[in-house]
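What follows is a set of notes on a single structure, which appears directly below.
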Amino acid sequence: MATEITLSLCLIVRNEEDALSRCLDSVGDVADEIILVDTGSTDRTKEIGGKYTDKIFDFLWVDDFAKARNFSFSQATQDYILWLDADDILAKPDREKLAVLKRTLDPGTDVVNMPYLLAFDDFGRVSFSLRRNRVVKRSRNFRWVGAVHEYLEVAGRILNSDICVTHQGKPERDSGRNLRIFESRLAKGEVFSPRDLYYYANELYEQGLFNRAVESYQKFLATDEGWVEDRIAACGRLADCFQNLNEKDKALQYLFKSFAYDVPRAEACCRLGHQFLQMGNYVQAVFWYKLATQLKGPNGWGPRIEACWTWLPHLQLCVCYDRLGQYELAYAHNEIARTYRPQDPQVLHNKKYLEGVLPAAGKIEPLPPDGPLTGNGEETRLQ
């Protein structure tokens, strides 16, 4: 029988008075100690943190997240370390699962990774997620790497857990902070790694600097290095950049290029479907949306846009088949979309419309047509 492990919770914080209690309350008493590293708060963050722990440390901010996180890990004293940000929480079922994990974890395990739920749709369902290494054995002395978009460099026995961490943050209070850090590093003559080039491009993209983002994404892909999921994502972002720059041929070029790195992802197929739908090439749009419905999600760690793997291609197939006059197929795909989003106004509108144009089928209650079908036109903004 496994002996219950002990757990240090490590956070780096700055001006988190609105979020910190929510985060720490969500963990409850699962953590055996809480380490708070403050990087320069000017609000009540430290005062609030003091209600939960006396292990609060000051760290001079030097524009390097990895250094701050490594310092927080150096203060931990328990068997394993769990890290969170102040705007993360553990939902009650996940906190209960973590308590079970403490009692049952094989002490030979070095790392536990967990899904990170980053965004939710209007109906409360997860819309964007990825995996991150969350719990590590302290004695292995794993290190954080990267001044911005830092990551844990780990090895050994890794457990893939279903315990989720939920992000409840507000939009970035200083949306240009990471870009300033990157550009400060460039100004000092630092040579960027392939990973740096990718994340620098992401920051440029988020600021709407599409031409500069294109240059950095292309430099990243030209290295022929880096995580395959980052390469695939870079192709998608390049397609988005060129779409914003009104260079649709280049957008298509990079969507197809993404297939060189691995089997097609539903995200790329939905983007391609959207491109052809916009051009009025409905048969080609159907091909790509239909392919998206047939794919199995990769088992890897890459970012996953749930809509592309579930309801979105069916909603768009409904629109395409309507344009092609194939109303029964349009209705069938709208019904599939409705299984995922039963209260979606677009889906319900389509249902009513199609029931009006298909009374002859004998299976559908006739209703008066209620205007054209509506679909989702946001694929070009999918991340």
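The numbers here are math on the coordinates, done by the rules we state, and not lab data. These figures come from a predicted structure and were not determined experimentally. Cβ: placed from backbone, ideal geometry, glycine included. Neighbour counts: every protein chain shown.
Brief remarks follow.
- What the Cβ-Cβ distance of residue 92 and residue 145 gives, at R0 = 22 Å and to the nearest 0.05, is a FRET efficiency of 0.10.
- Gyration tensor (alpha-carbon) shape descriptor, region 105-263, a/c threshold 1.5: prolate
- Rounded to whole numbers, the Karplus 3J(HN,Hα) couplings from phi for region 4-17 are 4, 7, 9, 9, 9, 9, 10, 9, 9, 9, 7, 6, 10, 4 Hz, using 6.51 cos²θ - 1.76 cosθ + 1.60 with θ = phi - 60°, and x at Gly and Pro.
- Between residue 187 and residue 153, the contour length at 0.36 nm per residue exceeds the Cα-Cα span by 9.6 nm.
- Taking amide H atoms as placed 1.01 Å from N in the peptide plane, the amide H of residue 10 lies under 5 Å from those of 35, 82, 83, 84, each 5 or more residues away in sequence or on another chain.
- Burial order of peptide ranges 73-86, 306-319 (average beta-carbon count within 10 Å, highest first): 306-319, 73-86
- Multiplying the residue separation of residue 120 and residue 42 by 0.36 nm and removing their Cα-Cα distance gives an extension gain of 25.0 nm.
- Our summary gives the chain a relative contact order of 11 percent, counting only alpha carbon pairs under 8 angstrom and 6 or more residues apart.
- Protection proxy ranking of 180-191, 108-119, 3-14, 227-238, by the mean of other Cβ atoms within 10 Å over each peptide's residues and highest first, is 227-238, 3-14, 108-119, 180-191.
- Projecting the Cα atoms of 24, 256, 194 onto the dipole axis of the chain, where Lys and Arg carry +1 and Asp and Glu carry -1 at the beta carbon, places 256 farthest toward the positive end.
- C-alpha long axis of helix 327-340 to longest principal axis of the chain, angle in °: 20 degrees
- Residues whose amide H comes within less than 5 Å of that of residue 131, counting only those at least five positions distant or on another chain, are 116 (H built at 1.01 Å from N in the peptide plane).
- Region 219-278-region 67-142 distance, computed between alpha-carbon centres (Å): 31 Å
- Of all DSSP beta bridges confined to the chain, the antiparallel ones make up roughly 50%.
- Shape call, region 7-167: gyration tensor on alpha carbons, a/c limit 1.5: rounded
- Cα gyration tensor shape for region 101-173, rounded if a/c is under 1.5, else prolate or oblate: oblate
- The computed percent of Cα pairs over 29 Å apart for the structure shown corresponds, within [x] 48; [y] 64; [z] 52, to [z].
- In order along region 270-278, the Karplus-derived 3J(HN,Hα) couplings, from 6.51 cos²θ - 1.76 cosθ + 1.60 at θ = phi - 60°, round to 5, 4, 5, x, 5, 4, 6, 4, 4 Hz, and Gly and Pro are given as x.
- Close amide H pairs (under 5 Å, H built 1.01 Å from N) link residue 38 with 13, 57, 58, 59, residues at least 5 positions away or on another chain.
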